[in-house]
Amino acid sequence: MKSQKSVSLILAGYNEESNIEQSMQQCYQALNNTFEHFELILVDDGSKDHTLEKMRTFSNMHPNIQVLPNYINLNFGTAVLRGLLAASYDYIIFNACDLPLSVDDMINLLLKEDADVLVLERIGYKTTKWRQITSNVNKLLLKFFFPKLTKGTPVLNFVQIYKKDKIMNILPLARSPIFVWPELIFRAKLAGLQVKNIPVKCTVKNVRKGAFGHPHDIIWGIYDMIRFRIRVWQRNY
């Protein structure tokens with residue numbers, strides 16, 4: 001029997017034509033096999049290749065699919081937030097288009113766990129040396145600005161599962177790609193929601209360059225951190 005939980009799964013990406021077809025097929029099949037009520041939300045973040053075209057072709061072949069195009073590149077965080085606002089069902093999952101975490105692993109955790117927010121800690125995530133350096137600096141900054149809120153949660157991981165009725169009350173002000181996810185988790189903790197961290201093995205074996213190590217992203221992220229830190233001091237979050 002299929003689960004009676006209803007699920008919205010968001011895939012967001014930029015220039016993903018090399019892997020988007022396989023990822024859409026895997027996600028749709030897993031959702032259709034498991035849930036009675038589901039939707040797949042595809043967000044194209046202003047791609048310059050054929051990503052959007054392939055998303056639209058796939059949506060024309062299957063029900064329960066939304067395609068949301070950003071006609072300019074807004075960054076991964078903003079793209080996923082657009083998907084969150086469009087989601088219709090009780091639980092929301094999001095992932096990158098190359099599926100760094102297996103959709104089956106995410107679904108199994110959703111069926112088994114009942115926290116308001118599940119933060120999936122990616123184990124074995126391979127990336128460039130520069131990305132590792134910027135990630136470590138980001139961790140230090142987050143711990144410096146938010147020593148209490150960072151305890152027990154690997155806030156850099158962007159793959160999370162939310163209950164829809166909870167997330168609409170904790171949407172972040174941040175739009176920088178490195179602070180959208182930490183602010184979501186921080187807001188959940190400040191709101192007294194149940195936040196649970198679960199280690200999950202990363203399924204992408206190739207080294208990922210990522211797009212979060214650019215200087216303007218770092219400056220943008222620090223601005224968002226400082227703004228939220230001030231709001232927390234003022235209790236105006």
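A straight chain from R231 to L111 at 0.36 nm per residue would run longer than the Cα-Cα distance by 39.7 nm. Packing, taken as the mean count of other beta carbons within 10 Å per residue, orders the peptides 100-110, 35-45 from highest to lowest as 35-45, 100-110. Within a straight-line Cα-Cα reach of under 17 Å, K166 can be paired with the following lysines, leaving aside sequence neighbours fewer than 8 residues apart in one chain: K5, K189, K196. Near the amide H of S102, within less than 5 Å, lie the amide hydrogens of T203, all on another chain or at least 5 residues away, with H placed in the peptide plane.
Amide H contacts of A12: V43, N95, C97, each under 5 Å away and 5 or more positions distant or on a separate chain (H built 1.01 Å from N in the peptide plane; Pro and chain starts excluded).
Calculated FRET efficiency, K129 and T203, Cβ-Cβ r, R0 30 Å, to nearest 0.05? Numbers along the way, then the final one.
Working: r = 22 Å, r/R0 = 0.73.
Working from the Cβ atoms, E equals 0.85.
Computed over the chain, the per-residue total of -39500 (n - 2.57) for DSSP H runs of n ≥ 4 gives a 222 nm mean residue ellipticity of -13000 deg cm²/dmol, rounded to 500. Computed from backbone phi with θ = phi - 60° and the Karplus coefficients 6.51, -1.76 and 1.60, the 3J(HN,Hα) list for segment 67-73 is 10, 10, x, 9, 7, 10, 6 Hz; x is used for glycine and proline. Our estimate of slack between D90 and H62, defined as 0.36 nm per intervening residue step minus the Cα-Cα distance, is 8.0 nm. Length gained on full extension, N19 to Y223: 70.1 nm, using 0.36 nm per residue less the C-alpha separation.
Summing Lys and Arg as +1 and Asp and Glu as -1 over all other residues whose Cβ lies under 12 Å from the Cβ of H50 gives a net charge of -3. Taking all Cα pairs closer than 8 Å and separated by 6 or more residues, the relative contact order of segment 70-167 comes to 48 percent. Computed from label points 7 Å out along Cα-Cβ, the spacing between E36 and R175 is 4.0 nm. Here segment 59-204 is treated with +1 on each Lys and Arg Cβ and -1 on each Asp and Glu Cβ, and its dipole about the Cα centre works out to around 620 debye. Shown here for segment 95-187: GluC sites (Glu not before Pro) in loop regions (DSSP other than H, G, I, E, B) with at most 15 other Cβ atoms within 10 Å, namely E113. Rounded to the nearest 10 degrees, the angle from helix 215-234 to the longest Cα principal axis of the chain is 70 degrees. For the chain, taking Cα atoms only, Rg and Dmax work out to 17.1, 50 Å respectively. Whole-Hz Karplus values for segment 56-63 come out as 5, 4, 5, 5, 6, 9, 9, x Hz, taken residue by residue from phi with 6.51 cos²θ - 1.76 cosθ + 1.60 and θ = phi - 60°; glycine and proline positions read x. Taking amide hydrogens as placed 1.01 Å from N in the peptide plane, the amide H of V159 sits under 5 Å from those of L120, each at least 5 positions away in sequence or on another chain.
Computed from the coordinates by the stated procedures, all read-outs in this text should not be read as laboratory data. Here the structure is a predicted model, which is why all the values come from computation and not from measurement. Counting neighbours? That spans all protein chains shown, and the Cβs are built from the backbone with ideal geometry, glycine included.
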